[in-house]
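A.B. asks: Attaching a single structure in structure tokens format; questions to follow.
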Amino acid sequence: MSDAAALLPVPGAGKPQADPWADVLGTLEMDAVFCSTGRFSEPWGIAMPALPGVLMFHLLLEGRAVVDVEGGRHDLGPGDLVLVPHGAGHAITGTADDPATGLWDVDRTVVADRYEQLRIDGGGHPATLVCGAVGFTDPGVGRLLASLPAVLRAPDAASGPGAGADGPDGDWLRAVVAAIDHEVRHPRPGTDVVTARLADVLLVHVVRRWLEAEKPASGWIAALRDPALGPVLRAVHAAPQDPWTLESLAAVARLSRSAFAERFARTVGEPPMAYVAGCRMDAAARLLRDPGASVERVARQVGYDSVPGFHRAFVRRHGATPGAWRASGPARSLAEVLAR
């Protein structure tokens, strides 16, 4: 880093910076959880449509199942949980040879806005399944989802003998699965809410375990772990509205401007200032959910003096004007998620 760069004032200096893992897991705050419980008997199968930007999950409570995502086959037993983080279309069937019926053609009972019961009676081996599609409050969650593999598994959620996790972690996971199982088998008022909240816990646990175990070479998670880039991401996330420049970001990283720019783009997959702009627009999207916040006020809060400039940047990032984004509100149904 040059002497001149060392003398530059650093935006965000002296401000508290967020714990990186709290920031990662915080993006998983969910604004829409759509759950289905299924009672099936072989042969059975469901072809799930692609839902870009939506995380899907399947928790098998009883029986057996096979999940096929992008040509990868995953056999499930009781208590196994599978996440499909990228919203890819996939099939879940009783056995690998069972046919899959399109999701919208499966017999169902709508219990509440975000909860329904599915049935396929093939007359054979039974299975009980909890499936869901999850939307997120923070549009920046895309950075995390893009860092995850096509499928995440949590075999340690299994209840009963042979569960994969020992100790307190395994104990409470088995308790969560048992609670979901009880709600599914004995539905009553509020079952949809309870099931969704318990599913939230399982999803965050699976992602946390992956974060602890994996060390990707590139992507957002790799950048957070990088000794030079991690402090930069935390500083930008703590104060996206600050007047960041390539020089001030390089100063936080303690690298020369050219070395920092190359390292950031190689690891994160986009230039540093594009990342800053994205963080500002993601913060703006969150602020616009407050009905009392004007577009002009939000623009100032994320570092824009010009409302037209803010408007153009917001449309580039989110594909909608600030006013249209605010009017859309959180999704209330799976159909609304699909429409987006």
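Readers should treat all values here as calculations from the given coordinates under stated rules, not as data from a laboratory. It should be emphasised that the depicted structure is a prediction, and the values quoted were computed from it without experimental measurement.
A.B. asks: Kirkwood Rh over alpha-carbon pairs of region 218-328, then Stokes-Einstein at 37 °C and 0.692 mPa s: what D in µm² s⁻¹, rounded to an integer?
C.D. replies: Values: Rh = 14.6 Å.
My calculation gives 225 µm²/s for D.
A.B. asks: Taking a quarter of the surface of the Cα convex hull of region 196-266, what do you get in nm²? Could the numbers behind the result be given before it?
C.D. replies: Numbers: hull surface 24.0 nm².
Taking a quarter of the hull surface, the average projection is 6.0 nm².
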